[in-house]
Amino acid sequence: MTIHRLLATVLLGVCLSASAQGPAYPDRPVTAIVTFPPGGSTDMIARAIAPRMGEKLGQQVIVENKAGATGAIGATYVRNAPPDGYTFMVASIGVYAVNPHLQKKMGYDPSKDFDMLTIAVRAPNVLIVNPGLPVNSVAELIAYLKKNPGKASFGTSGAGSSDHLTTALFWQNTATSGIHTPYKGGAAVLADLMAGHIDASFQNLNVVVPHVKAGKLKALTITSEQRSPLLPNVPTVGEAGLKDMNVYSWQALAAPKGIPPVVKAKLHAASSAALNDPQLKAKLVDQGFEVVANTPQEATRFQAEELARWKKVIEVGGITVD
């Protein structure tokens, strides 16, 4: 065999091998399924990172909203999608760690049906009260609740929401009680709280900051490990003497179970690059979010811890969505 024929044979083998492996991922647009309607925190995070992920992947990342059943409809859609990397999910703590303990019939299992890619961001909750309530600290609120058991109303954005579960955890950890007043969203809670129709609430940091700074609400504590630069005078739950009260609302990315390792690595790299983009990261921090952007292994471990934690809170509190 001549040297030319030998080279031709080798080149043919390389071409056939490449052809057998198929086109390189991705060779077409990728879809990010948001499990909630447009306009919320989860949707905002998805639309912020999608263009930057697209630049890293070399293909457009299209954001599509599939809302309903507290995120379960979108999660079920992603569960049933091919595990090829062309569909992934952007969802919140409710989808990954709360729904299984509250919804009797779900089309997905968060522990078995997804490959976690990363915890994208997290944001603590702030315990806020109406300025007219005669308390100025967590200790004073606890004393007030014990003096008036089952009378103070705590507004939440719905049964099973992050703020509802934080409220339940607070009652359990302080041996106090109150009236759970569920709304259809955080905006309605804030409006009634400022109007004096309810007494207290745990709400996401990013939505309460302007109202606290304007003096329309009193912030007693924040559920993070460190104080927030957005509310530097508000003590953490640890400083307020509360144990096991570090609570975050969080958004994460996940793909259908069984995604090829190489594809999974590419999606994770793209999301990490997007979240750590200096301009976007600064913007998110200004809005009250902390960028996490951890590894798939870290995200999986964190999700398991959150599932166990909120299962206990829900069972002890007898919480239902009915």
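The values are calculated or read from the model by the stated rules, or taken from the named source; none is laboratory data. All figures in this text were calculated on a predicted structure; none of them were measured in a lab. Because the Cβ atoms are built from the backbone with ideal geometry, glycine has one as well, and the counts that use them run over all protein chains shown. These area figures cover heavy atoms from the full protein model, side chains too; ligands, DNA and RNA do not enter into them. Shrake-Rupley method; radii C 1.70, N 1.55, O 1.52, S 1.80 Å.
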Being among the small types (Gly, Ala, Ser), surrounded by fewer than 17 Cβ atoms within 10 Å (Cβ to Cβ) and under 21 Å from residue 279 (Cα atoms) narrows 68, 54, 107, 58 down to just 58
Against the definition (surrounded by 18 or more Cβ atoms within 10 Å (Cβ to Cβ), farther than 21 Å from residue 27 by Cα, among the hydrophobic types (A, V, I, L, M, F, W, C) and at pLDDT below 95), how does residue 48 come out, yes or no?
no
Region 88-104, residues that are closer than 12 Å to residue 311 by Cβ and either outside any helix (DSSP H, G or I) or open to solvent by 10 Å² or more (accessible area, probe 1.4 Å) (or both)
100, 101, 102
Only one of (1) crowded, with 16+ Cβ neighbours inside 10 Å; (2) within 24 Å of residue 296 (Cβ to Cβ) fails for residue 133. Which number is that?
(2)
Tell me, which residue of region 54-71 that is more than 16 Å from residue 251 (Cβ to Cβ) and aliphatic (A, V, I, L, M) is farthest from the chain's Cα centre (by Cα)?
57
Output the residue which, of all residues in region 238-271 that are among the charged types (D, E, K, R) and touching a helix residue (DSSP H, G or I) at 6+ places or on another chain (Cβ under 7 Å), is surrounded by the most Cβ atoms within 10 Å (Cβ to Cβ).
266
Tally up the residues in region 22-45 that are touching a residue at least 24 places away in the same chain (Cβ under 8 Å), open to solvent by 30 Å² or more (accessible area, probe 1.4 Å) and among the small types (Gly, Ala, Ser), please.
1
So, first residue charged (D, E, K, R) in region 84-109, second residue in a helix (DSSP H, G or I), Cβ within less than 6 Å, six or more apart or across chains; the pairs are none
Criterion violated by residue 122 - all others in (1) touching a strand residue (DSSP E or B) at 6+ places or on another chain (Cβ under 8 Å); (2) open to solvent by 40 Å² or more (accessible area, probe 1.4 Å); (3) of a type outside the set (A, V, I, L, M); (4) part of a loop (DSSP other than H, G, I, E, B) satisfied
(4)
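Rundown of residues vs (1) within 27 Å of residue 147 (Cβ to Cβ); (2) in contact (Cβ under 8 Å) with a residue 24 or more places away in the chain; (3) surrounded by fewer than 20 Cβ atoms within 10 Å (Cβ to Cβ), yes/no style:
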site: 184; (1), (2), (3): no, yes, yes
site: 221; (1), (2), (3): yes, yes, no
site: 227; (1), (2), (3): no, no, yes
site: 233; (1), (2), (3): yes, no, yes
Just one of 267, 280 is part of a helix (DSSP H, G or I), at pLDDT 95 or above and either over 30 Å from residue 232 (Cβ atoms) or polar (S, T, N, Q) (or both); which is it?
267
Quick one: count up the residues across region 283-295 that are part of a helix (DSSP H, G or I), surrounded by fewer than 17 Cβ atoms within 10 Å (Cβ to Cβ) and under 17 Å from the mean Cα position of the chain (by Cα).
1
For region 27-41, which positions are at pLDDT 90 or above and out of contact with any helix residue (DSSP H, G or I) (no Cβ under 6 Å at 6 or more places or on another chain)?
27, 28, 29, 30, 31
Looking at region 110-120, can you tell me whether even one residue there is farther than 21 Å from residue 310 by Cβ and out of contact with any helix residue (DSSP H, G or I) (no Cβ under 7 Å at 6 or more places or on another chain)?
no
